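The structure appears right after this line, and notes come after that.
The values are calculated or read from the model by the stated rules, or taken from the named source; none is laboratory data. Everything quoted here is computed from the prediction, not taken from an experiment. Positions of Cβ are generated from backbone atoms using ideal geometry, with glycine treated the same way; all protein chains shown enter the neighbour counts.
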Amino acid sequence: MNKVIVVVGPTGVGKTKMGVELAKVFDGEVISGDSMQIYKQMDIGTAKVTKEETQGIIHHLVDIKDPTDSYSVKEFQETVRKKIQEILSKGKTPILVGGTGLYIKATLYDYEFSETQDNHEDMKEKYAHLDNHQLYNYLMSIDQSSALELHENNRQRVLRAIGIYEQTGQRKSEQLAKQKHECIYDAYFVGLTIDRELLYERINQRVDVMKNLGLEKEVCSLYKNGLTRAHQSMKAIGYKEWFDYFEGLCSLDDVYENIKKHSRQYAKRQYTWFKNQFDMHWYEVDLTCFDKTVTKIVEDIKNEK
RNA sequence: AGGGGCGUGGUUCAAUGGUAGAGCAUCGGUCUCCAAAACCGUGGACGCGGGUUCGAUUCCUGCCGCCCCUG
(Lines give C-alpha, C1' and ligand atoms only; values in the text may rest on other atoms or scores of the structure.)
Protein backbone atom coordinates (compact mmCIF):
# COMPACT_ATOMS: atom_id res chain seq x y z
CA MET A 1 0.00 0.00 0.00
CA ASN A 2 1.28 3.38 -1.00
CA LYS A 3 -1.34 5.39 0.71
CA VAL A 4 -1.17 8.18 3.23
CA ILE A 5 -3.80 7.96 5.91
CA VAL A 6 -4.97 11.27 7.32
CA VAL A 7 -6.88 11.48 10.55
CA VAL A 8 -8.50 14.79 11.40
CA GLY A 9 -11.36 16.09 13.50
CA PRO A 10 -12.08 18.56 16.25
CA THR A 11 -10.05 18.70 19.42
CA GLY A 12 -11.03 16.04 21.92
CA VAL A 13 -12.65 13.66 19.49
CA GLY A 14 -10.03 10.92 19.83
CA LYS A 15 -7.63 11.47 16.93
CA THR A 16 -4.55 10.45 18.89
CA LYS A 17 -5.96 7.11 19.84
CA MET A 18 -7.23 6.47 16.34
CA GLY A 19 -3.82 7.24 14.89
CA VAL A 20 -2.19 4.63 17.07
CA GLU A 21 -4.82 2.00 16.31
CA LEU A 22 -4.52 2.54 12.57
CA ALA A 23 -0.75 2.47 12.79
CA LYS A 24 -0.94 -0.93 14.44
CA VAL A 25 -3.11 -2.32 11.69
CA PHE A 26 -1.32 -0.80 8.72
CA ASP A 27 2.25 -1.02 9.96
CA GLY A 28 2.38 2.74 10.19
CA GLU A 29 4.17 5.61 11.75
CA VAL A 30 2.28 8.59 13.03
CA ILE A 31 3.09 12.12 11.94
CA SER A 32 1.56 14.78 14.12
CA GLY A 33 -0.40 17.38 12.20
CA ASP A 34 -0.57 19.80 15.01
CA SER A 35 0.87 23.28 15.26
CA MET A 36 1.38 23.21 19.01
CA GLN A 37 2.44 19.69 19.91
CA ILE A 38 5.69 20.45 18.14
CA TYR A 39 6.77 22.33 21.25
CA LYS A 40 8.76 20.77 24.03
CA GLN A 41 7.70 21.41 27.61
CA MET A 42 4.12 21.91 26.52
CA ASP A 43 2.68 18.51 27.28
CA ILE A 44 -0.39 18.82 29.41
CA GLY A 45 -2.03 21.80 27.76
CA THR A 46 -1.60 20.48 24.24
CA ALA A 47 -2.84 17.02 25.25
CA LYS A 48 0.29 15.59 23.74
CA VAL A 49 0.53 11.82 23.28
CA THR A 50 2.08 10.20 26.30
CA LYS A 51 4.65 7.45 26.08
CA GLU A 52 2.08 4.87 27.14
CA GLU A 53 -0.45 6.10 24.62
CA THR A 54 1.94 5.65 21.72
CA GLN A 55 2.06 1.91 22.48
CA GLY A 56 5.42 1.82 20.80
CA ILE A 57 4.22 3.47 17.62
CA ILE A 58 6.68 6.04 16.32
CA HIS A 59 5.40 9.61 16.45
CA HIS A 60 7.05 12.29 14.35
CA LEU A 61 6.89 16.07 14.61
CA VAL A 62 6.31 16.04 18.34
CA ASP A 63 8.75 17.86 20.62
CA ILE A 64 10.84 19.25 17.81
CA LYS A 65 10.91 22.89 18.86
CA ASP A 66 11.62 24.96 21.92
CA PRO A 67 8.79 27.14 23.14
CA THR A 68 10.82 30.21 22.27
CA ASP A 69 11.04 29.17 18.62
CA SER A 70 8.60 30.30 16.04
CA TYR A 71 7.34 27.99 13.41
CA SER A 72 5.68 28.18 10.05
CA VAL A 73 3.40 26.26 7.77
CA LYS A 74 6.12 26.21 5.20
CA GLU A 75 8.55 24.52 7.53
CA PHE A 76 5.89 22.05 8.51
CA GLN A 77 5.11 21.32 4.89
CA GLU A 78 8.74 20.65 4.04
CA THR A 79 9.43 18.51 7.07
CA VAL A 80 6.33 16.40 6.75
CA ARG A 81 6.71 15.79 3.04
CA LYS A 82 10.17 14.46 3.75
CA LYS A 83 8.86 12.27 6.54
CA ILE A 84 6.16 10.86 4.33
CA GLN A 85 8.72 9.86 1.71
CA GLU A 86 10.93 8.29 4.31
CA ILE A 87 8.15 6.24 5.77
CA LEU A 88 6.86 5.15 2.39
CA SER A 89 10.32 4.14 1.27
CA LYS A 90 10.55 1.86 4.28
CA GLY A 91 7.39 0.23 3.06
CA LYS A 92 5.43 1.56 5.99
CA THR A 93 2.29 3.67 6.13
CA PRO A 94 2.44 7.35 7.03
CA ILE A 95 -0.46 8.36 9.21
CA LEU A 96 -0.91 12.09 9.51
CA VAL A 97 -2.92 12.85 12.62
CA GLY A 98 -3.86 16.29 13.75
CA GLY A 99 -6.15 19.22 14.00
CA THR A 100 -4.31 22.04 12.29
CA GLY A 101 -6.22 22.21 9.05
CA LEU A 102 -4.03 24.60 7.13
CA TYR A 103 -0.83 22.74 7.96
CA ILE A 104 -2.30 19.48 6.81
CA LYS A 105 -3.77 20.89 3.65
CA ALA A 106 -0.62 22.77 2.73
CA THR A 107 1.36 19.57 3.07
CA LEU A 108 -0.90 17.26 1.15
CA TYR A 109 -1.96 19.69 -1.55
CA ASP A 110 0.27 21.50 -4.00
CA TYR A 111 0.48 24.65 -1.94
CA GLU A 112 3.52 26.76 -2.65
CA PHE A 113 4.51 29.50 -0.33
CA SER A 114 6.47 32.55 -1.32
CA GLU A 115 10.06 32.96 -0.34
CA THR A 116 9.39 35.66 2.17
CA GLN A 117 10.76 36.13 5.61
CA ASP A 118 8.60 35.74 8.61
CA ASN A 119 8.25 39.39 9.37
CA HIS A 120 4.70 40.25 10.24
CA GLU A 121 5.96 42.41 13.08
CA ASP A 122 7.91 44.57 10.66
CA MET A 123 4.98 44.80 8.32
CA LYS A 124 2.74 45.79 11.16
CA GLU A 125 5.04 48.61 12.05
CA LYS A 126 5.65 49.70 8.53
CA TYR A 127 1.96 50.21 7.88
CA ALA A 128 0.83 51.26 11.33
CA HIS A 129 -0.02 54.69 9.98
CA LEU A 130 -2.71 53.33 7.67
CA ASP A 131 -6.13 52.34 8.93
CA ASN A 132 -7.84 49.19 7.69
CA HIS A 133 -9.57 50.93 4.86
CA GLN A 134 -6.50 52.70 3.58
CA LEU A 135 -4.42 49.57 3.84
CA TYR A 136 -7.03 47.65 1.93
CA ASN A 137 -7.13 50.25 -0.80
CA TYR A 138 -3.40 49.97 -1.09
CA LEU A 139 -3.69 46.24 -1.65
CA MET A 140 -6.43 46.88 -4.18
CA SER A 141 -4.02 49.05 -6.11
CA ILE A 142 -1.28 46.45 -6.28
CA ASP A 143 -3.15 43.15 -6.29
CA GLN A 144 -6.84 43.58 -6.82
CA SER A 145 -7.87 39.98 -7.15
CA SER A 146 -6.22 39.06 -3.84
CA ALA A 147 -7.89 42.03 -2.21
CA LEU A 148 -11.28 40.93 -3.44
CA GLU A 149 -10.81 37.62 -1.64
CA LEU A 150 -10.26 39.40 1.66
CA HIS A 151 -12.30 41.52 4.01
CA GLU A 152 -10.72 44.87 4.67
CA ASN A 153 -10.84 44.32 8.41
CA ASN A 154 -8.70 41.24 8.09
CA ARG A 155 -5.58 43.28 8.49
CA GLN A 156 -3.39 40.27 9.11
CA ARG A 157 -4.10 38.79 5.71
CA VAL A 158 -4.15 42.10 3.90
CA LEU A 159 -0.68 42.80 5.23
CA ARG A 160 0.45 39.36 4.22
CA ALA A 161 -0.70 39.86 0.65
CA ILE A 162 1.07 43.19 0.50
CA GLY A 163 4.20 41.62 1.95
CA ILE A 164 4.28 38.93 -0.70
CA TYR A 165 4.17 41.49 -3.46
CA GLU A 166 6.76 43.74 -1.89
CA GLN A 167 9.23 40.99 -1.16
CA THR A 168 8.87 38.81 -4.22
CA GLY A 169 7.62 41.23 -6.81
CA GLN A 170 4.94 38.72 -7.56
CA ARG A 171 1.31 38.99 -6.65
CA LYS A 172 -0.24 36.46 -4.33
CA SER A 173 -3.09 35.95 -6.75
CA GLU A 174 -0.65 35.14 -9.56
CA GLN A 175 1.07 32.59 -7.38
CA LEU A 176 -2.20 30.90 -6.60
CA ALA A 177 -3.15 30.83 -10.23
CA LYS A 178 -0.08 28.72 -10.97
CA GLN A 179 -1.17 25.99 -8.60
CA LYS A 180 -3.57 23.21 -9.38
CA HIS A 181 -5.20 22.99 -5.97
CA GLU A 182 -5.06 19.26 -5.91
CA CYS A 183 -3.91 16.62 -3.48
CA ILE A 184 -0.45 15.37 -4.42
CA TYR A 185 -0.65 12.15 -2.44
CA ASP A 186 -2.81 9.11 -2.59
CA ALA A 187 -4.50 10.01 0.65
CA TYR A 188 -7.46 8.69 2.53
CA PHE A 189 -9.07 11.34 4.72
CA VAL A 190 -10.64 10.09 7.92
CA GLY A 191 -12.77 12.70 9.67
CA LEU A 192 -13.75 11.83 13.20
CA THR A 193 -16.86 13.33 14.70
CA ILE A 194 -19.21 12.98 17.61
CA ASP A 195 -22.35 14.75 18.68
CA ARG A 196 -21.56 18.38 19.45
CA GLU A 197 -22.97 18.32 22.98
CA LEU A 198 -20.96 15.23 23.77
CA LEU A 199 -17.84 16.75 22.30
CA TYR A 200 -18.24 19.83 24.46
CA GLU A 201 -18.67 17.65 27.51
CA ARG A 202 -15.51 15.78 26.65
CA ILE A 203 -13.62 19.02 26.12
CA ASN A 204 -14.72 20.33 29.50
CA GLN A 205 -13.73 17.10 31.17
CA ARG A 206 -10.41 17.10 29.45
CA VAL A 207 -9.63 20.56 30.77
CA ASP A 208 -10.50 19.37 34.26
CA VAL A 209 -8.07 16.52 33.77
CA MET A 210 -5.37 18.93 32.64
CA LYS A 211 -5.95 20.89 35.80
CA ASN A 212 -5.44 17.78 37.90
CA LEU A 213 -2.36 16.79 35.96
CA GLY A 214 -0.73 20.08 36.90
CA LEU A 215 -1.28 22.43 33.99
CA GLU A 216 -0.71 25.42 36.23
CA LYS A 217 2.70 24.16 37.20
CA GLU A 218 3.64 23.50 33.59
CA VAL A 219 2.61 26.99 32.52
CA CYS A 220 4.28 28.62 35.51
CA SER A 221 7.61 27.12 34.65
CA LEU A 222 7.32 28.39 31.08
CA TYR A 223 6.39 31.80 32.41
CA LYS A 224 9.37 31.78 34.72
CA ASN A 225 11.59 30.91 31.78
CA GLY A 226 10.60 34.17 30.19
CA LEU A 227 7.89 33.13 27.77
CA THR A 228 5.40 35.90 27.04
CA ARG A 229 2.12 36.29 25.20
CA ALA A 230 4.13 37.39 22.18
CA HIS A 231 5.72 34.00 21.62
CA GLN A 232 4.00 31.88 19.05
CA SER A 233 3.89 28.90 21.40
CA MET A 234 2.04 30.97 23.97
CA LYS A 235 -0.81 31.58 21.57
CA ALA A 236 -1.87 28.02 22.30
CA ILE A 237 -5.13 27.36 24.05
CA GLY A 238 -4.35 26.26 27.56
CA TYR A 239 -1.42 28.67 27.77
CA LYS A 240 -2.48 32.09 26.53
CA GLU A 241 -5.26 32.25 29.11
CA TRP A 242 -2.80 32.41 31.99
CA PHE A 243 -1.23 35.76 31.29
CA ASP A 244 -4.27 37.70 32.45
CA TYR A 245 -4.18 35.68 35.63
CA PHE A 246 -0.48 36.29 36.23
CA GLU A 247 -1.13 40.00 35.77
CA GLY A 248 -3.96 39.95 38.28
CA LEU A 249 -6.64 40.62 35.69
CA CYS A 250 -8.72 37.51 36.25
CA SER A 251 -9.27 34.65 38.64
CA LEU A 252 -8.02 31.11 38.43
CA ASP A 253 -11.55 29.93 37.72
CA ASP A 254 -11.70 32.34 34.80
CA VAL A 255 -8.55 30.79 33.39
CA TYR A 256 -10.08 27.34 33.23
CA GLU A 257 -13.41 28.64 31.99
CA ASN A 258 -11.63 30.49 29.21
CA ILE A 259 -9.61 27.44 28.24
CA LYS A 260 -12.84 25.49 27.93
CA LYS A 261 -14.53 28.20 25.97
CA HIS A 262 -11.63 28.68 23.58
CA SER A 263 -11.40 24.92 23.03
CA ARG A 264 -15.07 24.77 22.13
CA GLN A 265 -14.71 27.64 19.70
CA TYR A 266 -11.66 26.01 18.22
CA ALA A 267 -13.52 22.75 17.73
CA LYS A 268 -16.22 24.60 15.86
CA ARG A 269 -13.71 26.26 13.57
CA GLN A 270 -12.06 22.90 12.90
CA TYR A 271 -15.38 21.45 11.84
CA THR A 272 -16.02 24.18 9.31
CA TRP A 273 -12.53 23.77 7.90
CA PHE A 274 -12.61 20.00 7.60
CA LYS A 275 -16.13 19.97 6.25
CA ASN A 276 -15.22 22.28 3.42
CA GLN A 277 -11.59 21.72 2.56
CA PHE A 278 -11.18 18.01 2.08
CA ASP A 279 -12.73 15.07 0.34
CA MET A 280 -13.54 13.63 3.71
CA HIS A 281 -14.81 10.29 4.89
CA TRP A 282 -16.63 11.06 8.11
CA TYR A 283 -16.91 8.58 10.94
CA GLU A 284 -19.04 9.00 14.00
CA VAL A 285 -16.89 7.75 16.86
CA ASP A 286 -18.56 5.02 18.85
CA LEU A 287 -17.76 6.04 22.39
CA THR A 288 -18.95 2.82 23.96
CA CYS A 289 -16.91 0.72 21.57
CA PHE A 290 -14.01 2.53 19.99
CA ASP A 291 -12.81 -0.65 18.26
CA LYS A 292 -15.98 -0.76 16.21
CA THR A 293 -15.11 2.55 14.66
CA VAL A 294 -11.55 1.41 14.08
CA THR A 295 -12.74 -1.74 12.34
CA LYS A 296 -15.06 0.20 10.09
CA ILE A 297 -12.33 2.58 9.04
CA VAL A 298 -9.83 -0.22 8.44
CA GLU A 299 -12.32 -2.02 6.21
CA ASP A 300 -13.03 1.10 4.20
CA ILE A 301 -9.37 1.81 3.68
CA LYS A 302 -8.65 -1.75 2.59
CA ASN A 303 -11.49 -1.61 0.10
CA GLU A 304 -10.15 1.61 -1.32
CA LYS A 305 -6.84 0.27 -2.49
C1' A B 1 -36.94 45.58 60.56
C1' G B 2 -35.55 50.81 58.82
C1' G B 3 -32.85 53.70 54.88
C1' G B 4 -30.79 53.56 49.95
C1' G B 5 -29.92 51.28 45.20
C1' C B 6 -30.97 47.90 41.30
C1' G B 7 -34.13 44.58 38.28
C1' U B 8 -33.22 45.36 29.92
C1' G B 9 -31.44 39.15 25.20
C1' G B 10 -27.19 33.58 27.96
C1' U B 11 -24.00 37.38 30.37
C1' U B 12 -21.90 42.47 31.37
C1' C B 13 -23.75 47.10 30.52
C1' A B 14 -26.31 51.39 27.46
C1' A B 15 -30.20 54.65 25.85
C1' U B 16 -35.11 56.58 25.43
C1' G B 17 -42.45 59.41 27.14
C1' G B 18 -43.43 57.14 20.67
C1' U B 19 -42.21 49.15 21.15
C1' A B 20 -34.55 49.31 22.53
C1' G B 21 -28.14 49.59 21.29
C1' A B 22 -23.21 47.56 22.26
C1' G B 23 -19.27 44.07 24.01
C1' C B 24 -18.74 39.03 25.22
C1' A B 25 -21.08 34.28 24.74
C1' U B 26 -24.29 31.24 21.10
C1' C B 27 -25.02 29.57 16.16
C1' G B 28 -23.29 29.75 10.99
C1' G B 29 -19.31 30.95 7.61
C1' U B 30 -14.27 32.47 5.21
C1' C B 31 -9.34 30.69 4.77
C1' U B 32 -2.29 29.46 0.55
C1' C B 33 2.98 30.51 6.45
C1' C B 34 0.77 34.47 13.48
C1' A B 35 -4.03 29.01 11.70
C1' A B 36 -4.79 26.45 19.08
C1' A B 37 -4.59 32.47 14.57
C1' A B 38 -7.21 36.35 11.94
C1' C B 39 -11.74 37.81 9.95
C1' C B 40 -17.16 37.98 8.44
C1' G B 41 -22.44 37.10 9.27
C1' U B 42 -26.66 35.74 12.69
C1' G B 43 -31.14 34.88 16.18
C1' G B 44 -32.50 36.43 20.93
C1' A B 45 -34.43 41.15 26.00
C1' C B 46 -37.35 45.90 28.94
C1' G B 47 -39.33 40.95 36.63
C1' C B 48 -45.08 40.91 37.69
C1' G B 49 -49.52 43.90 38.40
C1' G B 50 -52.06 48.73 38.84
C1' G B 51 -52.12 54.04 37.76
C1' U B 52 -50.95 58.82 34.91
C1' U B 53 -50.80 59.55 29.47
C1' C B 54 -53.13 59.55 22.83
C1' G B 55 -48.92 56.38 23.97
C1' A B 56 -44.50 53.74 29.26
C1' U B 57 -39.10 50.06 29.08
C1' U B 58 -38.74 55.21 30.59
C1' C B 59 -43.01 58.84 35.35
C1' C B 60 -46.01 57.25 40.00
C1' U B 61 -47.39 52.98 42.89
C1' G B 62 -48.01 47.77 45.03
C1' C B 63 -45.74 43.00 44.92
C1' C B 64 -41.67 39.79 44.09
C1' G B 65 -36.29 39.21 43.65
C1' C B 66 -31.16 40.84 44.32
C1' C B 67 -27.33 44.17 46.49
C1' C B 68 -25.41 47.88 50.10
C1' C B 69 -25.77 50.57 54.80
C1' U B 70 -27.89 50.81 59.80
C1' G B 71 -29.84 47.94 63.95
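With respect to A:Leu139, is the statement that it is modelled with pLDDT of 95 or more and outside any loop (DSSP other than H, G, I, E, B) true?
It is true that A:Leu139 is modelled with pLDDT of 95 or more and outside any loop (DSSP other than H, G, I, E, B).
Going by the conditions given, is A:Glu166 among the acidic types (Asp, Glu) and either more than 23 Å from the chain's Cα centre (by Cα) or on the phi > 0 side of the Ramachandran plot (or both)?
Here the answer is yes, as A:Glu166 does meet what is asked.
Determine the pairs where a residue that is without any contact (Cβ under 8 Å) to a residue 60 or more places away in the chain and hydrophobic (A, V, I, L, M, F, W, C), located within region A:143-154, has a partner that is within 8 Å of RNA strand B (Cβ to nearest atom) and not in a loop (DSSP other than H, G, I, E, B) with Cβ atoms under 8 Å apart, the partner being 6 or more residues away or on another chain.
The qualifying pairs are A:Ala147/A:Ala161; A:Leu150/A:Arg157; A:Leu150/A:Ala161.
Can you run down the residue pairs with Cβ atoms below 6 Å, 6 or more apart or on separate chains, where the first is in region A:155-182 and in contact (Cβ under 8 Å) with a residue 12 or more places away in the chain and in a helix (DSSP H, G or I) and the partner is more than 9 Å from RNA strand B (Cβ to nearest atom) and of a type in the set (Ser, Thr, Tyr)?
A:Val158/A:Tyr136; A:Ser173/A:Ser145
I'd like the residue in region A:1-40 that is of a type in the set (A, V, I, L, M, F, W, C) and under 30 Å from A:Asn225 (Cα atoms) and, out of all such residues, is nearest to the chain's Cα centre (by Cα). Break it down stepwise before answering.
Step one: filter region A:1-40 for residues of a type in the set (A, V, I, L, M, F, W, C), giving A:1, A:4-8, A:13, A:18, A:20, A:22-23, A:25-26, A:30-31, A:36, A:38.
With the extra rule that they be under 30 Å from A:Asn225 (Cα atoms), the set shrinks to A:31, A:36, A:38.
On the way: A:Ile31: 12, A:Met36: 7, A:Ile38: 10 Å.
Ranking the qualifying residues of region A:1-40, first place goes to A:Met36.
A quick yes/no check of all residues on (1) modelled with pLDDT of 95 or more; (2) near RNA strand B (Cβ under 8 Å from one of its atoms):
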residue: A:Gln85; (1), (2): yes, no
residue: A:Pro94; (1), (2): yes, no
residue: A:Ala106; (1), (2): yes, yes
residue: A:Gln117; (1), (2): no, yes
residue: A:Asp122; (1), (2): no, no
residue: A:Glu125; (1), (2): no, no
residue: A:Ser145; (1), (2): yes, no
residue: A:Asn154; (1), (2): yes, yes
residue: A:Leu159; (1), (2): yes, yes
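Every residue, every condition in (1) part of a helix (DSSP H, G or I); (2) more than 9 Å from RNA strand B (Cβ to nearest atom); (3) among the aromatic types (Phe, Trp, Tyr), yes or no:
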site: A:Ile237; (1), (2), (3): no, no, no
site: A:Trp273; (1), (2), (3): yes, no, yes
site: A:Asp291; (1), (2), (3): yes, yes, no
site: A:Asn303; (1), (2), (3): yes, yes, no
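Identify the single condition in (1) part of a helix (DSSP H, G or I); (2) touching a helix residue (DSSP H, G or I) at 6+ places or on another chain (Cβ under 9 Å) that A:Leu150 does not satisfy, given that it satisfies every other one.
Only one criterion is unmet by A:Leu150, namely (1).
Results for (1) among the β-branched types (Val, Ile, Thr); (2) more than 20 Å from the chain's Cα centre (by Cα), shown as yes or no for each residue.
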{"site": "A:Thr46", "(1), (2)": "yes, no"}
{"site": "A:Lys51", "(1), (2)": "no, yes"}
{"site": "A:Ile57", "(1), (2)": "yes, yes"}
{"site": "A:Tyr71", "(1), (2)": "no, no"}
{"site": "A:Gln77", "(1), (2)": "no, no"}
{"site": "A:Lys83", "(1), (2)": "no, no"}
{"site": "A:Gly91", "(1), (2)": "no, yes"}
{"site": "A:Leu96", "(1), (2)": "no, no"}
{"site": "A:His120", "(1), (2)": "no, no"}
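Condition check ((1) under 30 Å from A:Thr288 (Cβ atoms); (2) crowded, with 19+ Cβ neighbours inside 10 Å) across all residues:
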| site | (1), (2) |
| --- | --- |
| A:Ile142 | no, no |
| A:Glu149 | no, no |
| A:Arg157 | no, no |
| A:Gln167 | no, no |
| A:Asp195 | yes, no |
| A:Ile203 | yes, yes |
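Would you check which residues across region A:46-80 are of a type outside the set (Ser, Thr, Tyr), assigned to a loop (DSSP other than H, G, I, E, B) and without any contact (Cβ under 8 Å) to a residue 60 or more places away in the chain and list them?
A:Lys48, A:Val49, A:Gln55, A:Gly56, A:Ile57, A:Ile58, A:Leu61, A:Val62, A:Asp63, A:Ile64, A:Asp66
Any residue in region A:30-45 that is over 22 Å from A:Glu257 (Cβ atoms) and among the basic types (Lys, Arg) sitting within a Cβ distance under 9 Å of a residue that is more than 10 Å from RNA strand B (Cβ to nearest atom) and part of a strand (DSSP E or B)? List the pairs, counting only those 6 or more apart or interchain.
A:Lys40/A:Lys65
Has region A:170-192 got any residue that is under 21 Å from the mean Cα position of the chain (by Cα) and either among the small types (Gly, Ala, Ser) or farther than 25 Å from A:Gln277 by Cα (or both)?
Yes; the residues of region A:170-192 include at least one that is under 21 Å from the mean Cα position of the chain (by Cα) and either among the small types (Gly, Ala, Ser) or farther than 25 Å from A:Gln277 by Cα (or both).
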